[in-house]
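These notes are about the structure you will find just below.
Where a number appears in this text, it was derived from the coordinates with a stated rule and is not lab data. Remember, predicted model here, so these are calculated numbers, not experimental data. Here the Cβ is made from the backbone with ideal geometry for all residues, glycine too, and neighbour counts use every protein chain on show.
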Amino acid sequence: MSKFDLAKAVGFQLNDKEVSWNQRDLLIYAVGIGAKKDEFSIVNELDKSWAPFPTYPVVLMFKGLSQDVVDFRQLMSEGKRTPDLPKFDPNRIVHGYQTIEILKPLPAVSGPGWKLQRRIVGISENKSGIIIEDESVLADGNGIPYAKLYSASFNLGAKVTGSNFTKRVAGPPQAKPVPKDQKPDWVISDQTTPEQAIIYRLSGDYNMLHIDPSIGKAAGFGGVILHGLSSFGFAARAVISAIGGGDPRSLKLFGARFTSPVKPGDALETSVWAVGAGPDGTTEVTFVTKNVTTGKLCLGGGIAYVKKFEKGKL
Ligand SMILES: *[C@@H]1O[C@H](CO)[C@@H](O)[C@H](O)[C@H]1NC(C)=O
Ligand SMILES: *[C@@H]1O[C@H](CO)[C@@H](O)[C@H](O)[C@H]1NC(C)=O
Ligand SMILES: *[C@@H]1O[C@H](CO)[C@@H](O)[C@H](O)[C@H]1NC(C)=O
């Protein structure tokens, strides 16, 4: 019998994580996800179209309150752990998926008292390892929720039951399948730069995998790889520009699975299909993002709810 009880770990409340950001943090994030010089609604805080980019809260789990570099290894070892889960090897954790639901527009400056309220909502074990799904609610000092995030981390090689196990009490909506034999309604190409990872890390994820090529080589990636959440942001920019008329406020939900690494400098192509009506007057889309040259998917199972831009209806 294992001393760990996966079923009991589901529902476990993790520590609240105190978080904060300012306008400069939002602008640094925008360039980390590839914003170009004319994307004033994201990069120019003085323009009247400007608004905080809606997927920004995905960085807060790493950034916390810090206005300086965060020690990644220390970050991985801190915080409350459930006695029902083993300690996982930090070098063998990969991000499975990420979803963010925007409940209220973010302020440009957080001010004090904001936190992520976190709990484990799902655990699965199979032959390859253990997947932990967690939920984080971003709330202000009065406890008012602004965003709800779901994320999965895959702990490769981890083992507790030695068999198939699955328990889930909450989770994000799943993408509808890519419509068969139907061309995408939108295709958006973009270019990451060789410096993409050294910019994206300034938002809080200082994992050395994204700056030191020897670490990526040892891990079998052949060098530095881009943060999955940077590619995630590239895809969010693509969806907002193509469907939401470039208005950051148009996006209400955004999620995707991380299916393969991207290298800084790779060209990305996001294909998007409208698949029906989403909640509150939004359009639901399914999307995938691939490496243009190799054709290999880096983001799969993409889902977004976005308010469609209509001419003359501003
Ligand atoms: C275990 O689950 C992961 C994530 O769903 C999946 O990618 C992997 O193929 C599974 N492995 C096995 C052996 O079923
Ligand atoms: C676990 O699930 C996989 C895929 O569904 C299956 O092939 C395998 O036999 C299962 N293993 C056990 C121990 O039940
Ligand atoms: C993406 O495609 C380019 C061009 O073929 C290639 O050099 C690069 O290694 C690919 N990226 C990944 C992560 O496979």
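Structure data summary
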read-out: Partner lysines for K167 [C-alpha distance under 27 Å; skip if fewer than 8 residues away on the same chain]; value: K3, K8, K17, K80, K87, K115, K127, K148, K159, K176
read-out: Close Lys-Lys pairs in the stretch 255-314, where close means Cα under 26 Å and separation is 8 or more or interchain; value: 4
read-out: Residues K308 and L202, FRET efficiency given R0 of 30 Å [Cβ-Cβ distance, rounded to 0.05]; value: 0.40
read-out: Candidates K115, K37, K17, ranked by Gaussian network fluctuation over the chain, Cα under 10 Å, top entry; value: K37
read-out: Rounded FRET efficiency, nearest 0.05, which uses the C-beta distance separating F165 from K36 and R0 of 45 Å; value: 0.50
read-out: Residues R73, R237 arranged by fewest to most Cβ contacts within 10 Å; value: R73, R237
read-out: Largest-first principal axis extents, alpha carbons of the stretch 219-259, Å; value: 39, 15, 12
read-out: Selection from V109, S231, A9, by position along the positive dipole direction of the chain (Cβ); value: A9
read-out: If the convex hull is drawn through the Cα atoms of the stretch 217-296, its volume per residue in Å³; value: 99
read-out: GNM flexibility winner over the chain from N22, N155, N142 (Cα, springs under 10 Å); value: N142
read-out: Relative exposure of I240, I199, I225, judged by other C-beta atoms within 10 Å (fewest first); value: I199, I225, I240
read-out: Bins of 10 Å from zero: percent of alpha-carbon pairs in the chain; value: 6, 26, 36, 25, 6, 1, 0
read-out: Convex hull of Cα atoms in the stretch 158-309, direction-averaged projection (nm²); value: 11.5
read-out: Computed over the chain: relative contact order in percent, which uses C-alpha pairs under 8 Å that are six or more apart; value: 20
read-out: Theoretical gain in end-to-end length, D247 to K127 [0.36 nm per residue, Cα-Cα removed]; value: 38.9 nm
read-out: Inter-part distance where the stretch 154-183 and the stretch 270-307 are each reduced to a Cα centre, Å; value: 18
